[in-house]
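Peer 1: Pasting in a structure now, in structure tokens, and then I'll have a few things to ask.
The values are calculated or read from the model by the stated rules, or taken from the named source; none is laboratory data. All of these numbers come straight from a predicted model, not from anything done at the bench. A quick note on method: Cβ atoms are made from the backbone with ideal geometry, for glycine too, and the neighbour counts reach across all protein chains shown. Keep in mind that these areas ignore ligands, DNA and RNA; they rest on the heavy atoms of the full protein, side chains included. Shrake-Rupley method; radii C 1.70, N 1.55, O 1.52, S 1.80 Å.
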Amino acid sequence: MTETAVISSEPAITPELVAEHGLKPDEYQRVLDLIGREPTLTELGIFSAMWNEHCSYKSSKVHLRTLPTKAPWVIQGPGENAGVIDIGDGLAVVFKMESHNHPSYIEPYQGAATGVGGILRDVFTMGARPIACLNALSFGDPKHPKTRHLVSGVVAGIGGYGNSFGVPTVGGSVRFHSRYDGNCLVNAMAVGIAEKDKIFYAAASGVGMPIVYLGSKTGRDGIHGATMASAEFGEDSEEKRPTVQVGDPFSEKLLLEACLEIMRRGCVIAIQDMGAAGLTCSAVEMGAKGDLGVTLDLDRVPTREEGMSAYDMMLSESQERMLMVLKPEKEKEAEAIFRKWGLDFAIVGETTPTRRFIVRHGGDVMADLPIKELGDQAPEYKRPFVSQPKPKAIDAASIAPPMSIADALEKLIATADLCSKRWVWEQYDHIILGNTVQRPGGDAAVLRVEDGPKGLALSTDVTPRYCEAAPFEGGKQAVAECWRNLTAVGATPLAITDNLNFGNPERPEIMGQFVGCIRGIAEACKALDFPVVSGNVSLYNETNGRAILPTPSIGGVGVLADFKKSASLAFKREGEAILLIGETVGWLGQSMYLREVCGREEGVPPPVDLVEERENGDFVRGLILDSIATAAHDISDGGLLIALAEMAMASGIGAMLDAAPSDIPPHAHWFGEDQARYLITVPAVQVDAVLVRARDASIPARLIGKTGGAALIIPGERVLPVAALNERFEGWLPAYMAGDI
């Protein structure tokens with residue numbers, strides 16, 4: 001028996017209204033069967049918010065359960081606001097990555113800014129102080145008329161929020177491809193530090209406990225934001241601008257300090273960020289996880305607009321808000337803290353033993369629903385999927401090089417994907433808080449933990465073209481490359497967060513991409529002891545039926561016992577030996593060389609041998625930690641010569657290189673994208689000892705040249721001055737953003 005009143009002022013529930021709320025007829029029938037009557041408009045909105053893809057993971061849950069999520073150092077895996085890992089000395093790292101794709105396409109500045117704000121709240125909701133942000137950005141073809149506008153707005157939004165909030169943005173990635181023309185991707189990652197025995201969770205406990213609204217006032221911004229994020233774009237995407245939230249980083253900074261203070265004072269039973277679906281999602285999740293009911297009185301919710309309805313308040317995604325279950329005896333103390341910080345504090349409800357979600361407003365019961373079915377028992381689909389035909393393998397010897405090695409290098413380093421992204425990261429404050437050891441532009445960011453000597457390494461990685469051509473190998477490679485990037489600075493990789501961006505899961509071929517990538521990610525994480533502790537799924541990333549490239553972004557965290565032993569990619573001095581670690585066969589399928597130089601986007605991506613990845617990476621990390629390797633760089637997009645050029649340009653020191661081996665075509669040797677490879681430099685006197693060490697460990701290692709001079713010298717090619725290469729490398733993106741390209 002429910003107590004729901006008939007609200008005469010609300011509109012009738014029609015099939016059209018149900019469809020507008022993103023519920024399919026069978027899902028709406030499930031609602032009717034569940035509650036035994038027609039829902040109120042507010043209840044329809046609540047079901048719409050809780051059962052969309054963005055909040056319920058209804059198309060992905062069955063596959064996400066196959067990911068490895070446990071390890072001795074994992075304190076909290078997926079299912080909370082963020083993942084938590086133990087890094088020793090009583091400290092924990094709290095981190096997560098999440099998407100804000102649809103809002104960023106509609107309103108790039110606010111979409112990206114509130115993406116940063118939301119992921120920061122996920123971290124400090126757990127009791128951690130944020131220490132770093134990263135991102136992974138995917139934009140359309142540079143020639144598309146909207147791309148420059150999106151790049152400008154998104155980068156400004158990330159910088160505007162992060163810089164104002166006071167947390168450094170220390171790393172990330174930027175790519176361009178025509179498949180993102182109608183749907184850019186903005187994946188934001190945040191990392192925080194907490195005491196490992198003082199982590200806060202979302203599950204409510206205790207009956208009759210006060211539920212407290214914290215932070216900024218509620219407005220009408222962001223209504224249906226989560227529903228919009230669970231639908232593909234059409235011709236009317238610009239009309240959805242009102243669903244984009246508006247952020248205030250200064251209010252969020254106050255919210256951070258107030259939340260950490262009440263946590264220190266022992267006021268909190270449970271706490272949940274008001275993110276997607278706002279008050280609805282936070283209240284339902286807290287109650288459902290705690291196996292309790294929740295009653296809300298919306299007359300007590302602080303609002304900043306007149307005449308807001310229950311529907312408006314329950315679905316608003318206004319930013320900088322939290323919901324908390326408070327210890328009753330701490331009510332006055334907690335309120336005083338929030339008032340001190342100039343923030344709203346209102347008791348808006350209580351926990352109950354009923355397992356029902358009841359919402360009252362203006363004397364009426366606007367919603368009375370079973371809370372478990374809303375929260376952790378939303379629909380779950382096993383959508384049909386098909387695996388795409390495997391592409392044809394490409395024989396490198398069959399590809400006639402259209403230009404010289406030197407010309408190809410100059411062309412590649414001035415392309416949108418391989419050029420320097422300095423224009424982007426210089427708009428971010430990457431040194432605030434004073435703990436940034438390695439800045440953006442290298443393999444991974446490195447931060448000092450507190451006063452040291454412990455350090456953290458952070459990276460975001462994925463190669464979408466690999467994922468499209470061969471989802472299983474692409475999923476493996478995304479994890480392996482993240483693991484390599486952390487390894488290349490000397491860190492021990494510990495765990496990942498993921499952001500799985502795909503098209504419409506109702507299309508079997510798209511679901512096939514998703515399933516293949518998940519299987520690849522799972523295999524790599526198991527083989528590399530690199531568990532998944534948090535993440536986000538973003539589906540329906542397509543416009544007018546054209547999907548994005550499958551883009552399962554991987555955000556990795558590694559630890560260094562001593563940050564002073566971290567390695568960077570820059571050559572350190574002249575006269576050092578350059579060693580290539582790992583096997584080279586010259587794999588050109590799906591390579592940047594094939595795409596940018598030969599104009600062919602085809603073939604099978606390079607295979608990922610996870611045993612080799614682990615063995616080669618452990619070998620390189622050992623050389624770094626033993627202070628033998630003076631520089632290290634993983635080899636990925638563009639292959640060996642791109643990696644060498646990046647090391648030279650980072651230092652201004654050139655290199656004299658050996659000729660390509662006779663059994664590999666030169667262009668395949670220099671630009672092939674074989675996996676599990678690194679470049680390292682060692683003092684000349686150490687070469688023989690390192691090669692013996694590699695041979696004894698059965699690690700492929702080869703001397704390929706030495707550092708020195710001011711140019712790259714390749715046998716049979718014209719001399720390439722490092723300064724001239726650097727001018728091309730650094731010049732493309734600023735010129736493009738200035739409208740000169």
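Peer 1: Let's test the formula: R0 of 56 Å, r as the Cβ-Cβ distance of Asp618 and Asp141. What FRET efficiency results, to the nearest 0.05?
Peer 2: According to the calculation, E is roughly 0.90.
Peer 1: Return the Rg/Rh value of segment 349-470, two decimal places, where both radii are evaluated on C-alpha atoms and Rh is the Kirkwood radius.
Peer 2: Ratio of gyration radius to Kirkwood radius for segment 349-470: 1.22.
Peer 1: Which FRET efficiency value, to the nearest 0.05, do you get for Asp291 and Glu506 by plugging their Cβ-Cβ distance into 1/(1 + (r/R0)^6) with R0 = 45 Å?
Peer 2: 0.85
Peer 1: Further question: If only Cα atoms are counted, what is the Rg of segment 557-654, and what is its Dmax, in Å?
Peer 2: Looking at segment 557-654, its Cα Rg and Dmax stand at 15.4, 45 Å.
Peer 1: In deg cm²/dmol and to the nearest 500, what is the mean residue ellipticity at 222 nm of the chain if only DSSP H runs of at least 4 residues count, each as -39500 (n - 2.57), divided by the residue total?
Peer 2: -10000 deg cm²/dmol
Peer 1: Over segment 59-179, with every protein chain in place, what whole percent of the accessible area is carbon and sulfur at 1.4 Å, could you tell me?
Peer 2: 52
Peer 1: If you don't mind, there's one more thing I want to ask. Quote the convex hull volume per residue of segment 414-562, based on C-alpha atoms, as a whole number of Å³.
Peer 2: Once divided by residue count, the hull of segment 414-562 is 126 Å³.
Peer 1: I've got another one for you. Given the pairs Lys70/Lys372; Lys340/Lys421; Lys58/Lys327; Lys390/Lys526, which span a C-alpha to C-alpha distance of over 31 angstrom in this model?
Peer 2: Lys340/Lys421; Lys58/Lys327, as the Cα separations exceed 31 Å there.
Peer 1: Dividing the alpha-carbon Rg of segment 393-439 by 2.2 N^0.38 Å yields what? Walk me through the intermediate numbers first.
Peer 2: Values: Rg = 18.1 Å, N = 47, 2.2 N^0.38 = 9.5 Å.
Normalised by 2.2 N^0.38 Å, the Cα Rg of segment 393-439 equals 1.90.
Peer 1: A further question follows. So, taking all protein chains as they sit and a 1.4 Å probe, how much accessible area belongs to Ser164, in Å² rounded to tens?
Peer 2: Accessible area of Ser164: about 40 Å².
Peer 1: A further question on this structure: Normalising by the residue count of the chain, find the relative contact order in percent from Cα pairs under 8 Å and 6+ residues apart.
Peer 2: 15
Peer 1: When you count, for each residue, the other Cβ atoms within 10 Å and take the mean per peptide, how do 82-90, 459-467 rank with the highest first?
Peer 2: 459-467, 82-90
Peer 1: What do the square roots of 5 times the Cα gyration tensor eigenvalues come to for segment 263-367, in whole Å, largest first, as semi-axes of the equivalent ellipsoid?
Peer 2: After scaling each eigenvalue by five and taking roots: 21, 18, 13 Å.
Peer 1: Order of 574-580, 401-407 by packing, highest average Cβ count within 10 Å first?
Peer 2: My ranking of the peptides, most packed first, is 574-580, 401-407.
Peer 1: Per the Kirkwood treatment, what hydrodynamic radius in Å, one decimal, follows for segment 119-190 from the mean inverse distance over all distinct Cα pairs?
Peer 2: Result for segment 119-190, one decimal place: 13.0 Å.
Peer 1: On full extension of the chain, what length is gained from Lys382 through Met403, given 0.36 nm per residue of separation minus the C-alpha to C-alpha distance?
Peer 2: Gain in length upon complete extension: 2.7 nm.
Peer 1: When the chain is fully extended, how far beyond the present Cα-Cα distance does Arg300 get from Arg339, taking 0.36 nm per residue of separation?
Peer 2: Working: separation 39, 0.36 × 39 = 14.04 nm, distance 1.62 nm.
Fully extending the segment from Arg300 to Arg339 adds 12.4 nm.
Peer 1: So how far apart, in nm, are the two label points at Asn544 and Ser152 if each is 7 Å from Cα heading toward Cβ?
Peer 2: About 2.4 nm, to one decimal.
Peer 1: Given just the C-alpha atoms of segment 24-168, how large is their convex hull per residue in cubic angstrom?
Peer 2: 183
Peer 1: Now for a separate question. Given charges of +1 on the Cβ of Lys and Arg and -1 on the Cβ of Asp and Glu, with all other atoms neutral, how large is the dipole of the chain about its Cα centre, in debye to the nearest 20?
Peer 2: Working: 69 positive and 96 negative charges, 222 e Å.
Approximately 1060 debye in magnitude.
Peer 1: Sticking with this structure for a sec: Quick one: if the Förster radius is 22 Å, what FRET efficiency do Glu331 and Lys198 give, using the C-beta to C-beta distance and rounding to 0.05? Write down the numbers at each step before the final one.
Peer 2: On the way: r = 21 Å, r/R0 = 0.96.
FRET efficiency, Glu331 to Lys198: 0.55.
Peer 1: For the chain, build the charge dipole from Cβ charges (+1 Lys, Arg; -1 Asp, Glu) around the Cα centre, then report which of Val93, Tyr109, Asn501 sits farthest towards its positive end.
Peer 2: Val93
Peer 1: What order do Tyr28, Tyr428 take when sorted by accessible area (1.4 Å probe), most exposed first? Kindly include the intermediate steps, with their values, before the conclusion.
Peer 2: Numbers: Tyr28 35, Tyr428 15 Å².
Ranked list, largest accessible area first: Tyr28, Tyr428.
Peer 1: On to the next question. Rounded, prolate or oblate, given the Cα gyration tensor of the chain, with a/c below 1.5 counting as rounded?
Peer 2: Details: a/c = 2.15, a/b = 1.74, b/c = 1.23.
Verdict is prolate for the chain.
Peer 1: Let me ask another. Under a crude label model (7 Å from the Cα following the beta-carbon direction), how far is Asp562 from Val246 in nanometres?
Peer 2: 5.3
Peer 1: Helix 722-737 versus the longest principal axis of the chain: what angle, 0 to 90°, nearest 10, using Cα atoms?
Peer 2: Taking Cα atoms only, the helix is inclined about 30 degrees.
Peer 1: Show me the ranking of peptides 559-570, 180-191, 431-442 by mean Cβ neighbours inside 10 Å, starting with the highest.
Peer 2: Result, highest mean Cβ count within 10 Å first: 180-191, 559-570, 431-442.
Peer 1: Same structure again: What are the principal axis extents of the Cα atoms in segment 510-554, in Å, biggest first?
Peer 2: 40, 19, 12
Peer 1: Suppose we look only past 20 Å in the calculated P(r) of segment 303-417. What percent of the Cα-Cα pairs does that tail hold?
Peer 2: Values: 4679 of 6555 pairs.
Tail of the P(r) past 20 Å holds 71 percent of the pairs.
Peer 1: Right, something else. Length gain on complete extension for the stretch Thr492 to Glu16, per 0.36 nm per residue less the alpha carbon to alpha carbon distance?
Peer 2: Gain in length upon complete extension: 166.0 nm.
Peer 1: Return the distance in nm (one decimal) between the two label points of a simple spin-label model at Lys411 and Asp663, each offset 7 Å from Cα along Cα→Cβ.
Peer 2: 2.9
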